[in-house]
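As structure tokens, the structure follows; a few thoughts come after it.
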Amino acid sequence: MKAFVIDRYKPADGGHLADVADPRPGAGQVLVEVHAAGVNPLDVRTRSGEFKLFLRQHMPLILGNDVAGVVTAVGPAVSRFAVGDEVYARAERAAGAFAELIALDEDDVAAKPATSSMVEAASLPLVGLTAWQALVEIAAVQPDQRVFVEAGSGGVGTIAVQLAKHLGAFVATTASVANTELVAGLGADVVVDYRRQDVTSVLDGYDVALHNQDSKALDAAFRVLRPGGRLVSLSGPPDPTFADRIDAPWFVRPVFYAISAPALLRARRRKVRYRFLYVRADGAQLTELAALVDAGAIRPVIDQTFPFAATGDALAAVEAGRSRGKVVVTLR
């Protein structure tokens, strides 16, 4: 089969299409013919080698986290899916979706939203799981709480704003003037123009902040929270719970303690709970998200699509950081 691979971290060619062996479904796995694959900043960060010290990968590495397609075969002990089912999933451990076929653990897979196209379904898994695990699982957002989502027009932001609103929260976000109408239409009650306004001069006393940008934005996220609030970070620094999540080697664990110490100390001083989130695959949560999509509570936001042969261009578009919603690669 054809797949988009890298042969080394920071490849000079940015990655390329190659012929690789077809995967075979093992026990508890389904084989999926990929129709579309979402593109995420995580793919760019993986390609750069950012996680190579603690996420063991074998080269050549097939990139890609988000997949939507059709089940073509099932392994032994699979009970929830059959050949012909339309599904979507997050490819665990940041690899595998940019390919014509992918083998996935049954527990990581869900029936795709019935109302979504393959492209729309492929845009959802990683950002949808991120929003769900941050707002429902970690922060346990309740009605009438105040939630701040950074970068509301981005891939994670477009879904997190909608999910927070569905949970009954008052939602604030940041966006440029050009994207204000978009995020307001998704449910944002307050939109801060990050180019002209200081977030901390507009927002205060929030219960939850979802951070997904740089250290300056992390500082602002801390400051908009009330004592007792929760800060969930997607951009780091990773905390010791992350070491447990990935079963990091003993010699790596002290690194996580050291790099997270300033953020954890600040959290204690401000009486805020800090948590780093590295999203896991979860078919049950994707089933919940599919129900929300089909009910109209969440809608996918697609920035642009690229053919499979232009996967490198799709990665470059995401790396540029100006996407409104998601970039998706189409294979069928």
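Structure values in brief
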quantity: Residue in the stretch 6-14 that is crowded, with 19+ Cβ neighbours inside 10 Å and either part of a strand (DSSP E or B) or modelled with pLDDT of 95 or more (or both) present; calculated: yes
quantity: Residues satisfying the stated conditions in the stretch 182-196, i.e. in contact with a strand residue (DSSP E or B) (Cβ under 9 Å, 6 or more places away or on another chain) and either modelled with pLDDT of 95 or more or of a type in the set (Phe, Trp, Tyr) (or both); calculated: LEU182, VAL183, ALA184, LEU186, GLY187, ALA188, ASP189, VAL190, VAL191, VAL192, TYR194
quantity: Out of ALA89, ALA103, ALA140, ALA114, sole residue that is buried (at least 22 other Cβ atoms within 10 Å of the Cβ) and not β-branched (Val, Ile, Thr); calculated: ALA89
quantity: Members of the stretch 282-297 found to be buried (at least 18 other Cβ atoms within 10 Å of the Cβ) and either over 19 Å from ALA140 (Cα atoms) or assigned by TED's automatic domain parsing to the domain that holds GLN133 (or both), listed by number; calculated: GLY283, ALA290, VAL293
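Each row is one residue, and each column tells you yes or no for (1) assigned to a strand (DSSP E or B); (2) closer than 17 Å to ASN40 by Cα; (3) at pLDDT 95 or above; (4) under 16 Å from the mean Cα position of the chain (by Cα).
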| residue | (1), (2), (3), (4) |
| --- | --- |
| ARG280 | no, yes, no, yes |
| ALA290 | no, no, yes, yes |
| ILE298 | no, no, yes, yes |
| THR305 | yes, yes, yes, no |
| ALA316 | no, yes, yes, no |
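Residues are listed down the side, and each one gets a yes or a no for (1) touching a Pro at 6+ places or on another chain (Cβ under 9 Å); (2) assigned to a strand (DSSP E or B):
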position: VAL34; (1), (2): no, yes
position: ALA37; (1), (2): no, yes
position: GLY49; (1), (2): no, no
position: GLN57; (1), (2): no, no
position: VAL67; (1), (2): yes, yes
position: ALA82; (1), (2): no, no
position: VAL87; (1), (2): no, yes
position: GLY96; (1), (2): yes, no
position: LEU104; (1), (2): yes, yes
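The values are calculated or read from the model by the stated rules, or taken from the named source; none is laboratory data. As the structure is a computational prediction, the values presented were derived from the model and not from experiment. Cβ sites come from the backbone with ideal geometry, for glycine too, and all protein chains shown count toward neighbours.
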